[in-house]
1. Which of Ala342, Ala264, Ala151 moves the most in a Gaussian network model of the chain with Cα springs under 10 Å?
2. What does region 107-197 give for Rg and for Dmax, in Å, if only its C-alpha atoms count?
3. Give the long-range amide H neighbours of Lys113: residues separated by 5 or more places, or on another chain, with amide H under 5 Å away, using H modelled in the peptide plane at 1.01 Å from N.
4. Please give the net charge around Ala222, taking every other residue with its beta carbon less than 14 angstrom from that of Ala222, where Lys and Arg add +1 and Asp and Glu add -1.
5. Over the Cα atoms of the chain, how large are the radius of gyration and the largest Cα-Cα distance (Dmax), in Å?
6. Would you mind checking which residues have amide H under 5 Å from Phe76's amide H? H placed 1.01 Å from N; only 5 or more apart, or other chain.
7. Could you order peptides 347-359, 83-95, 198-210 by the average number of other Cβ atoms within 10 Å of their residues, highest first?
8. With bins 10 Å wide starting at 0, give me the P(r) of region 218-367 over every alpha carbon pair, in whole percents.
Amino acid sequence: MQFGNIYTPRGWRLGGIHWEEGRISRISGDPVDPDTNEHPRVLPGFIDLHVHGGGGADVMEGGEALAILARTHVRFGTTRLLATTMTAPDAHIRRTLREVAAYMEAPEPQAAKVLGVHLEGPYINPGKLGAQPAYARIGITEELDELCALAPIRLITLAPELSGHLALIHHLSERGVRVQLGHTLGSYEEGVEALAHGASGFAHLFNAMTGLHHRKPGMVGAALAHAQYAELIPDLLHVHPGAIRTALRCIPYLYAVTDSTAAAGMPDGDYRLGEHTVTKCLGGVRLADGTLAGSTLTMDQALRNLVSLGLSLAEASDRLSRYPADFLGISDIGRLQEGASADLVVLDPQLQLQAVFVEGRAIQGDA
């Protein structure tokens, strides 16, 4: 049982949250304004749908790297995540998918739970690689079906303007895989058409996509005008606070991701990002030419950053937990209610992490 100001779908309650066998059995207490007391704030565990690495380990390394990144991010409140790949040769991607599937069969107990794979590339525009290695190519339905058979791919980022990709989007959405648009030179019209074919989100909004101009709204314009969901990196480096506020007004279920690299949770220095070597310095991660290459963001810092922009703690929590769970169509995580998984984070009034629970199991280690 954990006592505190508990954020539930029906509002805040000051009381206790109880669980049995990893599931919430009861939430007791009375309605409360958490700003009126100094008791801990109890929120749903954070869900990060875009994670390349952490703790010095990169998803594309497979094996022990998956356990290291999952152990690293749970220290910062992430209780569920998608292992996110990089654009790479086909054989490397397939090997990574097999490694993720094997890890999910025997996961690290003191770690965030891996929900599956976010396949970022290789089906992206070679003219908008960002920090992705230069292995972009057009997707083929049969190939995607083969990849989906290797591991539970829950989310794919692709460029909709490439030949055949509208049909591919429809096929993937029909089989329950979420598709989001990113690393794209597509127009506003191509973005709208992709949404009509079943795309349901946008990757790291504003980054690696055509920007908003009043006569050429671009992919950003399609997102702001039509999206229900989009992910955004709120490290205050990838996106200006003013642009974040714009997106918050336009996209109802905008949610936070870290897009974190192996450098997350580590000191300044050089790290791997797929085939690239990236450098962590001054709070960012960059390629040798200065291009931003993922982030060092952790989800607890993302929460504090959103609150610093004026969001209430409840709204910031939704954008780190409930909305990403809803985007994937999973109803028993990302919220504190009876029957849901007992994934929760405990913070002090200054929003510093005090404890993390995954399926009711206390995670050890300093946050």
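Read the figures in this text as sums done on the coordinates, not as results from a lab. Just so you know, these numbers come straight off a predicted model, no measurement behind them. Neighbour counts are summed over all protein chains in view; Cβ atoms, including those assigned to glycine, are modelled from backbone coordinates with ideal geometry.
1. Ala151
2. Cα radius of gyration and Dmax of region 107-197 are 13.8, 46 Å respectively.
3. Sorted by chain and number, the residues that satisfy this are Arg80, Leu81.
4. Once positives and negatives cancel, what remains is -3.
5. Here Rg and the maximum Cα pair distance are 19.5, 57 Å.
6. none
7. The densest-packed peptide leads the list: 198-210, 83-95, 347-359.
8. Histogramming region 218-367 at 10 Å steps yields 10, 34, 36, 18, 1, 0 percent.
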